[in-house]
Structures are given as C-alpha cells and as structure tokens.
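S.K.: The structure is given below, and queries will be raised subsequently.
The values are calculated or read from the model by the stated rules, or taken from the named source; none is laboratory data. Everything numeric in this text was worked out from a predicted model, so none of it was measured. Here the Cβ positions follow ideal geometry from the backbone for every residue, glycine too, while neighbour counts run over all protein chains shown. When the accessible area is computed, the model is the full protein with side chains, heavy atoms only, and any ligands, DNA or RNA have been set aside. Shrake-Rupley method; radii C 1.70, N 1.55, O 1.52, S 1.80 Å.
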Amino acid sequence: MSNRRKKQQRRPAPSYRAPATRAPAPQPAPRKGLLDSIFAPRGPSTVPSPKIRTSITHGLATILATPALVVAVPVVILIEWLVLLAFGFQGPFTILGATFAIPPISTSTDVSLASNIFSAVGATGPGAALAPLAGITAFLVVHAAFQALVTSVAVERIRTGSVSAWSIRRGIHVWPVAIAAAVVNLGVLIVANFVQILGGGIGFVLAVGLLVAGVYLFAFAPAISADEELSLPLTLSKAVRAARLPGSSNLTLAVVYTIPSFAVLLAPLPGSLIGVNPSVVAWAASILINVLQMAAVAMFAFRYLAIGADVPDAPTPRAGGRG
C-alpha cells in the first residue's frame, strides 16, 4: 500500500453540519391594558406585610397620639352641619359619619348630600341639571382635602414620631391625588348603583364587591403621594401594585373596612333622624365613627410605609411605536 493511500485512510471524515437557518425574530410582548395589570396572575412574594390586627392598632394609635386631629373632628362636623342647614338640608345626620372616610365610602356621602340639598332647594332653570354635579364636585374636593391632611399627618407621625407644619404643606401636595382617587371611585359608585338593577340579591352583592374593589385598589394612593415624589398616573398605578402584592391580605383588609363603614351609612344612629336637632348620642356616635375613619386612613398609611420599598416599579414602556 502506497504512502498516499495510507494518508487518505487516516484522514478523518468530514463532520456533518446542518445548514444554517435564521432564527425567528422575537415577538414583542402584547401590550397589557389596565384590567390586565389589575387582574393578571401574581407570583409568590416574600414581602413581610403587617398583620391586619397590627395595622388597625397602629392606625388608631397614630390618630390618638395626635390630639389636634381628634379635636378637629367635632369642629369640622359642626361647621359642615351648619353649612348644610343653611342650604336647607334636614338630615339624616348619619350621613356625616363618613366625613373623614376613604373613597368610595366618602364618595357615596358626596352624592347623597348633593342630591338631598338640591332636591330640598328645588333648583330650576337651565342650570338645574348641572347643579347636583357641581354639588358632588364641591363635596368631593372638600372631603379629599380632609383625607389628604389626615394622610400627611399620619405619614409624618409614623416616620418621625412627631407632627409639624410639613404635614400641611405636604397635604396640599397630596390633595390632587386624593381628588383623583375620589373621582375614580365616583365611577366605581356609579357602576355599583347600576348593577343593582340585577336584583336585591346578586345586584347588592356585586355593588358591595365594587365598593370593596375601590378601597382595595386605591386606598394607598394618598399615602404614596405623601411619602414619595411621583406623578399622578404613577401614584395611582403604584397604589394598584401595592394592593396586589401576594400574601399581603390587602383585599381582606379592604373587606374589613368597607362592609362595616357601608353598614353604618345604612343603619340610622340613635337620634339621627330628628331633623335639624340631632341628639347628644347621635353627635357622640358621629364623632366616634369619624375618629375611627381617621384611624382607617392612618392604617392604610402605616401599611404602605411598611411595604412601600418592596413594591415593584412600573414596567418600562416599549421603545418605538407601531410600524
């Protein structure tokens, strides 16, 4: 055998290489809408959320540690009651139990007050149809100011252990966010009233469920605005993400707050139906309920401050537009 043939036998056989193919271009992720971001499945989380009992206790302790807020409750209720009487309002006095409530509980009060006042006044003329809307807007803005101030006071008290003039300045900053949350919950309230046409059973359950959803998704928004520097859309978006943290029991907390608050609005307080002269018991009950409503505002502030650092950032929007 010649040397040339021996070299050919030693030569390794060429390896097989598949023809190169172009990998498919990655498909962009579908753009998610608002409902997708709210109801999308959530993965596991290790965020240490405070227990519900702890949140309630800290919320109440924060308000009781601030005597100015407690003293402000009867003063505000008295002023609001006198203003309502000047416009012809004659009750029920129970409705003032939601003066410092969280939307949509306070929003339902705004609607009821505006409806009662303008039905009592009997407005006529071209602007009669817009008068209730103007009244709802006025009450909504005023009650949002109360919530903004209580939230900023609670955040400063929790963060520093004291309260200063910063709370008032910060409350002005929080006010637009509180108004926006109330406006969104006004829409929730309208839908809740609409679904009641389904009947007293399933309709009522769906209506209460919508009220719970309004508290659940947006109760953190004022606290976020008081503690961080975010735009209004980012604040509302972060409130939704904070509410939906897995294992946080925020939905349970929203139920615990909403159902009793809504029941108090429906159940007349002792002596609250006596026109322009509510009884002492009705005044005491209304003051107590509003202090508890303040405690609920502080409760959500405390709960957010405990988990705020662990709330994920908003997803980065895709670069470019449609081709």
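S.K.: Residues being in a helix (DSSP H, G or I) and closer than 16 Å to Trp283 by Cβ: count how many of those fall in region 59-93.
M.R.: 16
S.K.: So which of Ile158, Ile224 ends up being within 15 Å of the chain's Cα centre (by Cα) and within 21 Å of Tyr304 (Cα to Cα)?
M.R.: Ile224
S.K.: Quick one: which of Ala192, Ala219 is under 17 Å from Ala254 (Cα atoms), touching a Phe, Trp or Tyr at 6+ places or on another chain (Cβ under 6 Å), in contact (Cβ under 8 Å) with a residue 24 or more places away in the chain and of a type in the set (Gly, Ala, Ser)?
M.R.: Just one listed residue meets the conditions, Ala219.
S.K.: Then there is this: Give the residue that is modelled with the lowest pLDDT, with candidates limited to residues of region 293-320 that are open to solvent by less than 70 Å² (accessible area, probe 1.4 Å) and β-branched (Val, Ile, Thr).
M.R.: Filtering first and then ranking leaves Val311.
S.K.: Further question: Are any of the residues in region 229-243 open to solvent by less than 20 Å² (accessible area, probe 1.4 Å) and either aromatic (Phe, Trp, Tyr) or at pLDDT below 90 (or both)?
M.R.: no
S.K.: Something else now. Just name the residue that is nearest to the chain's Cα centre (by Cα) out of those in region 257-292 that are open to solvent by less than 10 Å² (accessible area, probe 1.4 Å), closer than 14 Å to Thr94 by Cα and at pLDDT 85 or above.
M.R.: This residue is Asn290.
S.K.: Please verify whether Ala254 is touching a helix residue (DSSP H, G or I) at 6+ places or on another chain (Cβ under 7 Å), within 21 Å of Thr151 (Cβ to Cβ) and surrounded by 24 or more Cβ atoms within 10 Å (Cβ to Cβ), treating the condition exactly as stated.
M.R.: So Ala254 does not fit the description; no.
S.K.: Could you figure out which of (1) surrounded by fewer than 22 Cβ atoms within 10 Å (Cβ to Cβ); (2) touching an Asp or Glu at 6+ places or on another chain (Cβ under 9 Å) isn't true of Ser249?
M.R.: Of the numbered conditions (1) surrounded by fewer than 22 Cβ atoms within 10 Å (Cβ to Cβ); (2) touching an Asp or Glu at 6+ places or on another chain (Cβ under 9 Å), the odd one out for Ser249 is (2).
S.K.: Filter region 77-112 down to the residues that are surrounded by fewer than 18 Cβ atoms within 10 Å (Cβ to Cβ) and aliphatic (A, V, I, L, M) and list them by number.
M.R.: Hits for region 77-112 are Leu78, Ile79, Leu82, Val83, Leu85, Ala86.
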